1. Could you work out which residue, out of Arg27, Arg97, Arg65, moves most in a Gaussian network model of the chain, that is, has the largest mean-square fluctuation with Cα springs under 10 Å?
2. Across segment 68-75, in residue order, what do the Karplus-derived ³J(HN,Hα) couplings come to in whole Hz, using 6.51 cos²θ - 1.76 cosθ + 1.60 with θ = phi - 60° and x for Gly and Pro?
3. With Cβ to Cβ distances under 13 Å as the rule, what net charge do the other residues near Gly16 carry (K, R +1; D, E -1)?
4. For segment 1-66, with only Lys/Arg (+1) and Asp/Glu (-1) charged at the beta-carbon, what is the dipole magnitude about the Cα centre, in debye rounded to 20?
5. What number comes out for the charge environment of Ser117, summing +1 per Lys or Arg and -1 per Asp or Glu over other residues with Cβ under 15 Å away?
6. Given Met81, Val46, Gly26, which one lies farthest toward the positive end of the charge dipole of segment 15-100, if we put +1 on the Cβ of every Lys and Arg and -1 on the Cβ of every Asp and Glu?
7. Return one whole number: the accessible area per residue of segment 44-100 in Å², for a 1.4 Å probe.
8. With just the Cα atoms of segment 29-117, tell me how far they stretch along each of the three principal axes, in Å, largest first.
Amino acid sequence: QVQLVESGGGLVQAGGSLRLSCAASGRAFSMMGWFRQAPGKEREFVGSIRWSGGNTYYGGSVKGRFTISRDNAKNTMYLQMNSLKPEDTAIYYCAIRIPGADRYDYWGQGTQVTVSS
């Protein structure tokens, strides 16, 4: 059974920082990604990390402010969010892509991030 457990969300003032975590268990995966969805908006790609090799990829709106890292031993991905803006307010989801797949098939329950102005 695949489990993705996010943590670390909360309320922060604009300009502040937060770090999210996502712990995965249950099956092997090739990529882990972060997505977010704000009320009334479509889900947005935040970034991802290739588990073997550690290559990272970022969406345009967060590039330069957010950093993805991983702890292989803990099967955990992190999202360090700096210089937060009110428009970063959303529910943040982590997801995994299994080897050979071209989409993210497993998703966490989400964690709320609220940035006040």
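1. Arg27
2. 9, 9, 9, 10, 4, 5, 9, 6
3. +2
4. Details: 8 positive and 3 negative charges, 22 e Å.
Taking the Cα centre of segment 1-66 as origin, the dipole is about 100 debye.
5. Spelling it out: positives minus negatives among the neighbours equals -1.
6. Projecting each Cα onto the dipole axis, the largest value belongs to Gly26.
7. The answer is 46 Å² per residue.
8. 40, 24, 23
The values are calculated or read from the model by the stated rules, or taken from the named source; none is laboratory data. Remember, predicted model here, so these are calculated numbers, not experimental data. Using ideal geometry, Cβ is built from the backbone for each residue, glycine included, and neighbour counts are taken over all protein chains shown. Just the protein is used for accessible areas: all its heavy atoms, side chains included, with ligands, DNA and RNA removed. Shrake-Rupley method; radii C 1.70, N 1.55, O 1.52, S 1.80 Å.
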